[in-house]
1. So which lysines pass the test for Lys378, namely a Cα distance under 24 Å, with those fewer than 8 places away in the same chain ruled out?
2. Based on the mean of other beta carbon atoms within 10 Å per residue, what is the order of 353-366, 251-264, 95-108, 142-155, most packed first?
3. Would you rank Arg284, Arg326, Arg321 by solvent-accessible area, highest first, keeping every protein chain in place and using a 1.4 Å probe?
4. On a straight-distance basis, which lysines could pair with Lys125 in a cross-link, Cα separation under 22 angstrom, same-chain partners fewer than 8 positions away excluded?
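The values are calculated or read from the model by the stated rules, or taken from the named source; none is laboratory data. This structure is a prediction, so every number in the text was calculated from the model and none was measured. As a convention, Cβ positions derive from the backbone with ideal geometry for all residues, glycine included, and neighbour counts pool all protein chains shown. All accessible areas refer to the heavy atoms of the entire protein, side chains included, with ligands and DNA or RNA removed. Shrake-Rupley method; radii C 1.70, N 1.55, O 1.52, S 1.80 Å.
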Amino acid sequence: MSGATIIAVIVALLIIAATITLMMRALVRARVVAESRAIQLERLNEEVQRVATRATTLLEVTTALSEASSVEEVSRVLLGMGLAVVEASRAVLVSVEGDRLRLLGTYGMSPEIEAYLADLTIESKVPVAEAIRKGEMISVESADAFRARFGDAYRAFWELSDMETYIFAPLIHDGETVGGLGFHFKDAYALGASDRTFTKLLAQSAASALYRARSYDAEREKRMNAEMIARAREDVLGIVAHDLRNPLNLILMTGELLLQEDLAPERRAEMLEIGMRAAKQMNRLIDDLLDTVRLQAGKLSLDVKEVSVDTIIKQVEETFRPLAERRHVKLEVTREESGVVRADPTRVSQIVGNLIGNAIKFTPEDGTIKLRAKPEDKQVVFEVADDGPGISADSIPHLFDSFWQARKDDRRGVGLGLAIVKELVEAHGGKIWVESKPDHGSKFSFSLPAGEARETENVL
């Protein structure tokens, strides 16, 4: 074989080798591209499946929210099924009530964080409050960003550092901000377009559900209160009818006896006294009913003026000492330089008189009732203490509730007296409280705003 032929063969082999090499490289690149596309396709398929699953869950959550009939149910759905929609690790839900934020619930939060969140206002420097103030969704991309933007909250929420991203959304229904949602995520991808979209959709459904549920709760509460008041009024009317019947029967009986011409003068005087006492009892009960109606209608007016505390004490003593003596009860009055109070003198007399009357009624013979008034800061505190049977601990919180006494067998202060006393004291800007233990007596105290310390005329 000639040299030229050999060279030609070598050149041909080189060409073939180069071609094969190029083809192999092309095949390798094609395989890499194919594998890459396969991975991308697999990831895309997984994302499609993830989005489809979240969309299905969102539909289920939306359906559950539409069926929720209370704020509690809305909270349970959002902090349960709702988390699967956004794939959050922690969550918080608040309701806007005036300038305060009421914590409705959390997920994955410690008791310390819940305690912090329970005392928020719209002006609080926390992300959920900022989202509510701005009326738009806000996101925080890292724990460091959270610390830089909300330093005080971050220091309070020290455990938040294990999260990667945070999203907070206002709950807006028909232009009204009714609450706020916050989500914490362990993964950074939570700020993607689809994730933000799902968060917005969930927030929209939550806003409508919360608005509707709050309306349901308000109506339910009004209905329950109306039913309770109606039942209480029926009870009161029954008891009032009974209490009116007794003095009315006494008046009828004494009237019949007084018609007898041969009735002895001393017996006639006794019957007149019994009839007058029964009439006064009826008048007091009717006055209590009228006061209750006025207080409920907001039509009770006060004639406030400067009233001498000493005058109040003196005239109450003059009124009730004879009654205490007839019941063989000792009435001790402590006179102190207590100045004056700004109050309606007639109503103050009614307040003290009700408390003294109750004490006399429930204090056994040879017992003691103590009445005193003492200045404290910018108010005057009146005290009526007795050594009667006392009041049980479970009854004390209800003593001043409207109609409560009328629904109990053991009615300290028959009728509506104590409920009216509480309303009258609070109408003056004061407060009333009681200290008592069974078998150790009771002490009723109430405060009235002090007036200017100057000579005050007798206005009672």
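1. Lys305, Lys314, Lys370, Lys422, Lys431, Lys443
2. Values: 353-366: 18.9, 251-264: 12.0, 95-108: 16.7, 142-155: 15.1.
Per-residue mean Cβ counts within 10 Å order the peptides as 353-366, 95-108, 142-155, 251-264.
3. Details: Arg284 105, Arg326 145, Arg321 70 Å².
Putting Arg284, Arg326, Arg321 in descending order of accessible area: Arg326, Arg284, Arg321.
4. By straight Cα distance, Lys125 reaches Lys134.
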